[in-house]
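Bear in mind that the values in this text are calculations on the coordinates, not laboratory data. If you're wondering where the values come from, they're calculated on a predicted model, not measured in any experiment. Here the Cβ positions follow ideal geometry from the backbone for every residue, glycine too, while neighbour counts run over all protein chains shown.
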Amino acid sequence: MIGSLILTLAFASSIIAAIMYFMNYRGYNNALYYGRLAYHFMAMFVLVAAAMLEYLLLTHQYSFKYVYEYSSNELPTGILMASFWGGQEGSFMLWLVLTTIVGLVLQSYSSRRGDLEPRVMSVFGLATTFILLMVSPLFKNPFVYLWTEPIFIGIKNINPSLLHLPLVQNFLFSDGSSGQRFVKMNSDLYSTLTAAGITLKEFVMNGKGLNPQLTNFWMQIHPPILFSGFSMSTVPFCFAVAAMMKNDYKDWVKQAFPWLLAACGILGLGIMLGGYWAYEMLGWGGYWAWDPVENSSLIPWLVGIAAVHTMLVQKKSQSKGESIGKFAMTNLILCMMMYVLVIYSTFLTRSGVLGDASVHSFVDPGTMVYLFLIIFVGTFLLVGFGMLAYRWKYLTLHAKSEEGILSRELALFTASVVLCASAAIVLVGTSAPIFGHSVDASFYNSMHIPIAIIIGLLNGLSLLIKWRTTKANDLLKKSLFSVSASFILTVLIILFGGISDILVMILTLTTSFALIVNLEIAIKIIRGNKKMLGAYIAHIGIALFLLGVLSSSIYSRENTIDLIKDEPKTVLGYKMLFTGYHPIENQSKYAFNIKLSRNNKEYEVNPVMYISDFNNGLMREPAILSMATKDIYVSPLGYDDGSTNKTEGKQISLDLGGSADFSGSKITYNSFIAPDMSVMQNGGDFQMGAKLNIEKDGKAYSVDALMKKEGRSVIFVPVELNDANIKIQLVKIDPSTQKADITFSEINSTAAPSEPKEVLTISASTKPFINLVWTGILIMVFGFALSVTRRLKESFT
Amino acid sequence: MVINMKNKYLFGGLIIIVFLGFMAYLFTQSNIKYENDFEKVKSQDKIVKATGSWVKEKSYEIDSKNRLFSFYMTDAQGHEMKVVFNGTMPNNFESAKSVVVTGEFKDGCFQASNILTKCPSKYEGQNIQEVKTSNL
């Protein structure tokens with residue numbers, strides 16, 4: 001309970017910090033000291049609590065529910081540390097820790113910029129208070145003990161020497177349908193064990209472990225980076241509210257700008273890493289599925305990017321002496337919406353409303369959490385827009401909005417509008433499941449083609465036109481080179497790529513235009529003032545990214561093929577040869593060897609398949625052959641060792657007592673032929689199977705479909721029943737559920753029994769220039785980093 | 001060239017209307033409704049997301065030649081339908097608590113283009129490793 005106590009202390013400190021900072025803003029000078037003190041105490045408590053959770057995981061303290069649910073003894077240290085954010089409670093902790101750290105930096109940043117600190121930090125304190133409330137014992141606390149709520153623990157995780165104790169017997173359960181055995185862990189069992197002098201650490205020996213899809217490198221870096229982006233987007237919200245508190249809209253632009261840029265850069269990196277993770281691990285061949293969880297981090301990012309563009313205009317117009325500058329209200333709204341949408345995305349993905357719609361979404365956490373998240377979103381909407389209403393009159397009175405049509409201001413504003421439109425599309429599609437609807441990917445894709453066209457056009461055009469107004473003649477003269485060069489590039493791409501869709505042609509043209517204009521200007525700048533480079537580099541990154549998205553999706557070719565062992569097949573221009581498989585990672589997974597060759601060059605790829613202990617499911621991992629111009633993506637679908645001749649028959653799965661029909665025969669699964677359990681558990685030879693009753697033309701036969709284990713090998717014994725013209729072979733049988741998978745085939749249809757052939761079924765696809773997708777984003781993030789350093793220097797008043 | 005206030009709002013408003021109209025049109029075009037009543041699923045020829053659970057007693061069939069996977073699904077009222085999926089059996093299918101299939105009801109069965117399985121976290125299966133891996 002120490003962990004919960006520390007979190008409660010942090011919660012109290014956070015409230016005190018927010019109140020003290022607010023008092024200081026209202027004129028109580030001594031309150032500043034207490035506000036700082038309380039914030040630092042809060043930060044210390046949060047960091048200690050996080051260190052405790054990490055310690056519990058590393059030392060396998062399964063008496064804590066979170067440790068039991070998301071880790072196990074088998075996890076390697078790096079993954080074990082990452083299991084910190086494997087579940088809901090822990091990912092809120094991660095968000096909390098990162099927000100706290102961002103707050104420490106923000107406190108030091110704001111204390112050195114005039115009277116900024118009390119206003120910014122009082123709003124920031126409100127944010128930390130809410131997240132702390134989320135991890136408090138009321139909602140998603142990670143320090144809950146294992147027994148506080150009844151939980152069923154599989155007996156394989158229980159110390160076997162304690163399982164036979166009489167006092168445990170009352171708590172043993174078995175699942176009627178699967179026959180699996182569990183211990184019901186609750187407070188009664190805990191007190192029974194304690195009375196007998198047995199600690200929970202001795203009793204529960206292992207945890208449930210982490211979902212195998214999470215046990216990889218990306219789990220260690222993607223969530224921390226994404227949540228850093230989420231945490232940093234708190235800051236522009238605080239600056240916006242702080243500006244309205246003082247009713248001064250001049251300094252906040254300069255002061256918030258580096259934070260906004262950094263938040264967008266890091267959030268963008270986080271989103272891309274998530275996409276790369278999906279591409280490399282999930283095996284469906286893409287990096288973006290418009291899944292609600294992916295979307296919900298994209299929406300705040302798009303709004304943040306929109307804010308970057310209009311804030312630039314406000315900053316520029318301020319420097320020309322127009323007191324508050326252009327688009328002040330737009331910027332306040334966008335900066336606030338970015339954080340509100342971060343919380344809204346938390347609501348979407350954590351409240352269970354997307355239950356049926358997403359692969360990632362967490363299981364229903366209960367009405368309390370649902371309501372709390374609504375209050376969280378509601379509070380920040382109310383604070384932000386309440387302040388805006390309060391200053392509405394002043395803001396509308398001082399707004400300036402005269403522009404020339406050909407001005408950079410208007411181009412930037414249009415860019416921001418287009419980005420908001422994109423955010424609105426994603427928001428509508430992602431929120432649809434709340435109302436019982438859903439949209440498929442085509443909704444997002446067809447809406448985004450025109451948006452991408454406009455983005456490409458503006459991306460280039462806005463750099464060619466000047467601030468305020470540009471003469472049309474100047475523009476024509478300046479753009480002559482880039483327009484003609486991009487036309488040539490587009491024609492080349494269309495001819496070599498064979499593009500036929502008119503929208504795609506236009507998109508290619510505008511994207512090439514953006515790329516060339518930005519390159520042209522970047523080259524000029526490299527010779528001159530280097531600190532201006534950031535924006536151009538970021539835009540080059542975006543243009544490359546869009547080209548990569550186009551080429552890797554439109555020109556992707558896909559084939560599903562059966563590769564027979566040692567028989568080469570030509571697929572997508574490559575000769576592919578399946579040569580067998582070998583166990584990897586302590587025999588827990590199997591890597592399949594496929595040799596590829598083309599033009600005397602040889603490659604090898606190794607897609608992986610295995611049965612996971614975690615969920616008893618077949619897991620597949622793709623293999624990617626990465627080349628300069630394209631990726632060859634090989635995703636395994638299935639493997640047949642040939643012993644069952646599956647392709648020639650029909651596979652039927654039967655439960656005990658179940659029956660099925662096959663070519664005029666009625667087959668009934670009469671009884672389970674049980675193995676000798678003690679021999680089986682000691683690894684000795686045994687046999688088990690299904691006793692079947694087969695009826696055909698009024699006659700009944702009894703047949704045993706058996707599997708035998710002899711030494712290291714397993715044999716499924718085929719049975720032929722000539723009278724019924726049927727061949728039966730067991731494929732798999734599960735002794736705990738007694739469910740049997742059996743193939744049936746007609747004897748005379750397989751007149752010439754063929755040699756058993758090992759067949760690997762794969763889906764192979766090419767992804768031309770997919771590297772541009774990753775490098776484009778990385779270049780963009782690099783551009784953001786350059787801009788942040790430049791804008792940081794400008795942020796002092 | 002300077003735009004006057006009135007024209008600007010008119011122009012902006014027009015763009016927003018066109019955008020919203022386009023979005024609403026595409027939304028209705030690609031909109032898929034969730035349906036948990038199979039009687040309704042069977043009576044309409046529209047693509048829906050049918051939610052229900054797998055009928056374990058009726059088991060499932062794998063046709064590896066045509067790469068088809070079929071099983072029976074039931075809704076909360078007990079209405080059953082046969083589901084045919086063009087693909088391999090999804091991960092976790094057997095332990096799924098509930099199933100969401102996307103597709104439409106045609107020729108007496110539900111032709112699914114996508115299967116989403118929701119798994120209970122409470123129970124976990126145990127099996128003999130040899131039996132499973134030999135069938136990989």
Query - About the Cα centre, charge dipole magnitude for the protein assembly as shown (Lys/Arg +1, Asp/Glu -1 at Cβ), debye - result: 4380
**Report entry** P(r) of segment A:179-261 over all Cα-Cα pairs, binned every 5 Å from zero, in whole percent
**Finding:** 3, 10, 12, 9, 8, 7, 8, 9, 8, 7, 7, 7, 4, 1
Requested in this report: Please name which of A:I271, A:I667, A:A243 has its Cα lying farthest along the dipole of the protein assembly as shown towards the positive end, using unit charges on Cβ (Lys, Arg +1; Asp, Glu -1) and the Cα centre as origin.
Outcome: A:A243
Report task. Return the whole-Å distance between the Cα centroid of segment A:496-559 and the Cα centroid of segment B:52-80. Result -> 47
Query raised in the report: Hey, if you put +1 on the Cβ of every Lys and Arg and -1 on every Asp and Glu Cβ in segment A:436-509, which of A:H437, A:L495, A:A472 ends up farthest toward the positive end of that dipole?
Result: A:A472
Query raised in the report: Rounded to the nearest whole Å³, what is the per residue volume of the convex hull around the Cα atoms of segment B:32-120?
Result: 88
Report summary line: Percent of all Cα-Cα pairs per 10 Å bin for segment A:534-599, counting from 0 up to the last occupied bin, reads 17, 26, 24, 21, 12, 1
Query - Centre separation in Å (Cα based) which lies between segment A:90-122 and segment A:1-46 - result: 12
Report summary line: Taking chain A, the whole-percent share of alpha-carbon pairs separated by over 43 angstrom is 43
Requested in this report: Give the Cα extents of segment A:256-317 along the principal axes, in whole Å, largest first.
Outcome: 49, 17, 14
Report task. Apply 1/(1 + (r/R0)^6) to the Cβ-Cβ distance of A:E202 and A:A12, taking R0 = 30 Å, and write down the FRET efficiency to the nearest 0.05. Result -> 0.25
Report task. List the equivalent ellipsoid semi-axes of segment A:420-496 in whole Å, largest first, each obtained as the square root of 5λ for an eigenvalue λ of the Cα gyration tensor. Result -> 36, 19, 6
Report task. Could you calculate the contour length gain from A:F435 to A:K601, that is, 0.36 nm times the residue separation minus the distance between their Cα atoms, to one decimal place in nm? Result -> 54.3 nm
Query raised in the report: Taking the Cα centre of segment A:363-488 as the origin and placing charges on Cβ (Lys, Arg +1; Asp, Glu -1), which of A:L412, A:Y370, A:V428 is farthest toward the positive end of the dipole?
Result: A:L412
Report summary line: Ranked on Cβ counts within 10 Å of their own Cβ, fewest leading, A:T560, A:T8 go A:T560, A:T8
Query raised in the report: Within a Cβ distance under 15 Å of A:S161, other residues only, what is the Lys/Arg minus Asp/Glu net charge?
Result: +1
Query raised in the report: Once both axes come from the Cα atoms, what is the angle between helix A:441-464 and the longest principal axis of chain A, in degrees from 0 to 90, rounded to 10?
Result: 30
Query raised in the report: Against the longest alpha carbon principal axis of chain A, how many degrees, from 0 to 90 and to the nearest 10, is the axis of helix A:31-58 turned?
Result: 20
Report task. Could you check the simple spin-label distance between A:T789 and A:I526, using points 7 Å along Cα→Cβ, in nm with one decimal? Result -> 1.6
Query - Along each principal axis, Cα extent of segment A:186-320, largest first, Å - result: 79, 44, 21
**Report entry** Backbone N within segment A:108-124 under 14 Å of label point (7 Å from A:Y33 Cα along the Cβ vector)
**Finding:** none
Report summary line: For A:S553, placing the label point 7 angstrom along Cα-to-beta-carbon and taking segment A:443-469, residues whose amide nitrogen sits under 17 Å are A:443-457
Query raised in the report: Cα centroid distance between segment A:193-241 and segment A:253-314, in Å?
Result: 22
